[in-house]
Amino acid sequence: MINYNQAKKILIKSKIKIKDELIASSKSINRVNVLDIYSTVNYPAGTNAAFDGFAINSKDTNKLNKNNSQNFKILKTISAGDNPRLNKLKKYETVEVMTGALIPKGFDTIIPIEKIIFHSNNEYIIINNKIKKNQHIRYAGSDYEKNDLIVKKGTIIQPSHILAFKTLGVITIKVKKKPNILFFSTGNEISNNKNITNWKVRNSNSYYIKSLSNNFLFNFVDGGILRDKDEKLFKKKIEKSIKSKIDIIITSGAVSAGKHDFVPTVVKKFDLSNFFKGVSIRPGKPILFAKLKGLDKAIFGLPGNPISSSACFRFFVYPYLLNTLGIKREKPFKAKLKNHYSKNKKIIKFIKARLTSTNDGKLELQALKGQESFRIKSFVEANVWGLFKDGQSKFKKGELIDCYSPIGSNINIFK
């Protein structure tokens, strides 16, 4: 049996190749961009008003004060979307501008509408003080200049990125294709029926993995349920997948050392470049990984217990997907432990935990009761995974613990 770090090293050197594709930027949510993406334009495209008010040339106010006021002639009103062009501009002239309106040449500052004093039937405004330059103006290219970097390659595209793409004229982007994952549940006890006897088990693992694919990094293909005597069928399924567009095969159950645990036996019949079975972790000790030699195909055998299966997906399959898609390694965030915790010194434990913050903003982690792999109540109550490292058996209140979100959003929060 290997340790978790050894398993991660095998996963890193066993990544498969996933092809690229060009897609509309508006449809790129949760996809991984292959290239750095740059702005095609200046933004704002033109110098514009940040406030409703009147645009003037600040130099015209240099000598103005309460004892020396000046009338500025109102030339026109310019709204957002209007052509700002003016004929020759004279001294002591102004234009009314609405928020977002382009500022005509010759003007360099704006007086908010609330501070305006009108004169002569609103044909003029009166200014009796010096006005600073660059007030309430958004200059062209002050946010993004043309060719500025928007998103680095290897980024999981989020809604904020899509807003930027549409604003900055990025129409298409090159992304990694979504890996195709073929998933099998295993065991005579697994059932998709609504009503079951107490010797059957509802097929929850399949639905959990499928739900992740709805807003995650892969396409889910349901391979159905393999029964205890389906060893030969499983081999045929792998052979068929080798010739298909399937990138990764995942099984749930039948991976330990029992009479009906046929997954390791079948997988070893294929020519493999890398392989491991069993990692010193809890939950999820009987996990399996294999890379088919000379092929961009990989196999994961997850445990059958729901929490073991979900933990192994989170800490083995998900990091493997990140590496395969060219995303930087995920970094944990840390929180102080709220309660004492003990475990076997030789193993890493993935703990279902509850993250909260104190009144002064410090993160605290509570290891929940009910850590057994069959218990789902604590999984529902948890909002993070706590990684309790090996080489240590007792963890005291106040110790810093590595934390991971349930489905990997650390990537976009902690870059």
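What percent does the relative contact order of the stretch 151-254 come to when contacts are Cα pairs within less than 8 Å and at least six residues apart?
Once normalised by length, the contact order is 39 percent.
Restricting attention to the stretch 187-235, which trypsin sites (Lys or Arg not before Pro) occupy a DSSP loop and are surrounded by at most 10 other Cβ atoms within 10 Å?
Sparse-neighbourhood loop trypsin sites (Lys or Arg not before Pro): LYS194, LYS229.
Under the rule of at least 5 residues apart or a separate chain, name every residue whose amide H is placed under 5 Å from the amide H of ILE150.
When sequence neighbours closer than 5 places are left aside, the close amide H contacts are ILE37, TYR38, SER39.
Ranking request for peptides 252-259, 291-298: highest mean number of other beta-carbon atoms within 10 Å first, then the rest in descending order.
252-259, 291-298
Given only helices, namely DSSP H runs of n ≥ 4 each adding -39500 (n - 2.57), what is the per-residue ellipticity at 222 nm of the chain, to the nearest 500 deg cm²/dmol?
Result for the chain, helices only: -4500 deg cm²/dmol.
Would you kindly derive the ³J(HN,Hα) couplings of the stretch 317-332 from the backbone phi angles with the Karplus curve 6.51 cos²θ - 1.76 cosθ + 1.60 (θ = phi - 60°), listing them in order in whole Hz, with x for Gly and Pro?
5, 4, x, 5, 4, 4, 5, 5, 8, x, 9, 4, 4, 6, 10, x
Over the chain, with every protein chain in place, what whole percent of the accessible area is carbon and sulfur at 1.4 Å, could you tell me?
Accessible surface attributable to carbon and sulfur in the chain totals 49 percent.
Name the residues whose placed amide hydrogens come within less than 5 Å of the amide hydrogen of THR186, ignoring near sequence neighbours (fewer than 5 apart) on the same chain.
Result for THR186 returns LEU226, SER252.
Over the stretch 275-415, what is the mean sequence separation of C-alpha contacts under 8 Å (at least six apart), divided by residue count, expressed as relative contact order in percent?
Computed over the stretch 275-415, the figure is 25 percent.
Give the long-range amide H neighbours of ASN180: residues separated by 5 or more places, or on another chain, with amide H under 5 Å away, using H modelled in the peptide plane at 1.01 Å from N.
Amide H neighbours of ASN180: ASN219, ASP247, ILE248.
Quick check: Cα centre of the stretch 91-128 to Cα centre of the stretch 323-396, how many Å?
About 59 Å separates the Cα centre of the stretch 91-128 from the one of the stretch 323-396.
Would you mind listing how long the stretch 195-276 runs along its three principal axes, going by Cα atoms, in whole Å with the largest first?
41, 36, 22
Please build a GNM for the chain, connecting alpha carbons under 10 Å apart, and tell me which residue among ILE125, ILE190, ILE156 fluctuates the most.
Maximum among the listed residues: ILE125.
Taking only protein heavy atoms into account and a 1.4 Å probe, give the accessible area per residue of the chain in Å².
With all protein chains present, the chain gives 54 Å² per residue.
Using θ = phi - 60° and the Karplus curve 6.51 cos²θ - 1.76 cosθ + 1.60, what whole-Hz ³J(HN,Hα) does each residue of the stretch 233-241 get, with Gly and Pro shown as x?
So the J values, rounded to whole Hz, are 5, 4, 4, 5, 5, 5, 4, 5, 5.
Of the chain, which part is the longest with no GluC sites (Glu not before Pro) in a loop (DSSP not H, G, I, E, B) and with at most 14 other C-beta atoms within 10 angstrom?
For GluC sites (Glu not before Pro) (loop position, at most 14 other Cβ atoms within 10 Å), the longest site-free span of the chain is 146-371.
Could you go through the stretch 121-133 in sequence order and give the Karplus-derived ³J(HN,Hα) for each residue, using 6.51 cos²θ - 1.76 cosθ + 1.60 with θ = phi - 60°, rounded to whole Hz, and x for Gly and Pro?
The phi angles translate into 6, 6, 8, 9, 10, 9, 10, 10, 7, 6, 9, 5, 6 Hz.
The values are calculated or read from the model by the stated rules, or taken from the named source; none is laboratory data. These numbers were taken from a predicted model, which means no experiment stands behind them. Neighbour counts are summed over all protein chains in view; Cβ atoms, including those assigned to glycine, are modelled from backbone coordinates with ideal geometry. Heads up: the accessible areas ignore ligands, DNA and RNA and are worked out on the full protein's heavy atoms, side chains in. Shrake-Rupley method; radii C 1.70, N 1.55, O 1.52, S 1.80 Å.
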